[in-house]
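Below is one structure, written out as structure tokens, with a few remarks after it.
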Amino acid sequence: MKIAFRPHHFLCTLGFRGSGYSPHFVKNYTQIVEALQRDEELPIQVIEGADSICAACPHQSIEGCAVEEKIQGLDARHAHILNLKAGGVLSWKEAQQRLKDHMTIEAFHHACAGCEWKAWGVCEIALRKLRAEER
Ligand code: SF4
């Protein structure tokens with residue numbers, strides 16, 4: 001499975017708990033998460049714009065993402081904090097280490113500002129758990 005993530009989807013993936021915008025979106029995302037959990041060495045390419053997760057999103061159309069402007073803000077903040085560059089490749093294991101090292105809880109509140117899922121709390125819980133783990 002070839003996986004490409006736009007910058008903010010690394011943390012989203014850590015927090016994914018089987019919810020999303022449609023059954024098709026959730027099925028696709030679940031397959032990606034399960035593949036990464038089976039093999040943490042799987043390479044993930046960093047890209048700009050629609051990625052492996054967006055591919056099944058109902059907000060995508062021929063005109064692109066319906067909320068692209070907001071999403072670009074999330075991507076810019078996550079890319080800066082995690083030092084992610086378009087075209088770069090890292091494994092899920094490396095990505096988690098980068099989240100653990102650089103995504104403080106304070107940084108998370110800044111990076112994810114404006115996301116409709118943030119108040120649900122699962123991303124923050126997943127990040128706190130990762131940061132507390134010995135790695
Ligand atoms: S708060 Fe939103 S952008 Fe941030 S990790 Fe969670 S789902 Fe992704």
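If you rank GLU34, GLU40 by how much accessible surface each has, with a 1.4 Å probe, what is the order from largest down?
These residues rank, largest area first, as GLU34, GLU40.
Using 0.36 nm per residue, how much length does the chain from HIS80 to LYS129 gain when fully extended, once their Cα-Cα distance is taken away?
Using 0.36 nm per residue and subtracting the Cα-Cα distance, I get 15.4 nm.
Roughly what would the spin-label model give for SER91 and ALA55, points 7 Å off Cα along C-beta, in nm?
So the two model labels end up 2.2 nm from each other.
Give me the percent of Cα-Cα pairs in the chain that sit more than 27 Å apart, rounded to a whole number.
Result: 10 percent of Cα pairs exceed 27 Å.
Mind computing the radius of gyration and Dmax over the alpha-carbon atoms of region 1-73? Å is fine for both.
11.9, 35
How high is the FRET efficiency from SER22 to ILE62, r the C-beta distance, R0 22 Å, rounded to 0.05? Intermediate values should be presented prior to the final figure.
Details: r = 18 Å, r/R0 = 0.81.
It comes out at approximately 0.80.
Starting from the 7 Å offset along Cα-to-Cβ, what nm value, one decimal, do you get for the label separation of HIS110 and ARG38?
3.8 nm
Take TRP92, TRP120 and sort them by solvent-accessible surface of the protein heavy atoms, 1.4 Å probe, largest at the top.
On the way: TRP92 15, TRP120 140 Å².
So the residues, ranked largest to smallest area, are TRP120, TRP92.
For region 81-135, with equal point scatterers placed on the C-alpha atoms only and solvent neglected, what are the log10 I(q)/I(0) values from the Debye formula at q = 0.27 1/Å, to two decimals?
Reported log10 I(q)/I(0), two decimals: -1.17.
Provide the per residue accessible area, probe 1.4 Å, for region 3-132, rounded to a whole number of square angstrom.
On the way: 6890 Å² over 130 residues.
On a per-residue basis, region 3-132 sits at 53 Å².
Can you give the FRET efficiency for GLN45 and LYS100, using 1/(1 + (r/R0)^6), R0 = 22 Å, r = Cβ-Cβ distance, to the nearest 0.05? Can you show the working numbers first?
On the way: r = 21 Å, r/R0 = 0.95.
Approximately 0.55, to the nearest 0.05.
Ignoring ligands, DNA and RNA, what percent of the accessible area of region 3-132 is carbon or sulfur (1.4 Å)?
C and S atoms contribute 53 percent here.
Would you please give the residues with an amide H less than 5 Å from that of SER91, counting only those at least 5 places away or on a separate chain, with H modeled from the backbone geometry?
ILE44
Could you pull out every residue, at least 5 positions away or on a different chain, whose amide H is within less than 5 Å of the one on LEU84? Hs are placed 1.01 Å off N in the peptide plane, and Pro or chain starts have none.
none
If LYS70, LYS85 are ordered by their accessible area, calculated over protein heavy atoms with a 1.4 Å probe, which sequence runs from highest to lowest? Walk me through the intermediate numbers first.
Details: LYS70 90, LYS85 130 Å².
Largest accessible area first, the list is LYS85, LYS70.
Which whole-angstrom value gives the distance between the alpha carbon centres of region 48-66 and region 100-125?
Cα centroid of region 48-66 versus Cα centroid of region 100-125: 22 Å apart.
The values are calculated or read from the model by the stated rules, or taken from the named source; none is laboratory data. Every value quoted in this text rests on a predicted model; they were computed, and no experiment measured them. Cβ coordinates were reconstructed from backbone atoms using ideal geometry, including for glycine residues, and neighbour counts include every protein chain displayed. Accessible surface is based on the protein model in full, side chains and every heavy atom, while ligands, DNA and RNA are left aside. Shrake-Rupley method; radii C 1.70, N 1.55, O 1.52, S 1.80 Å.
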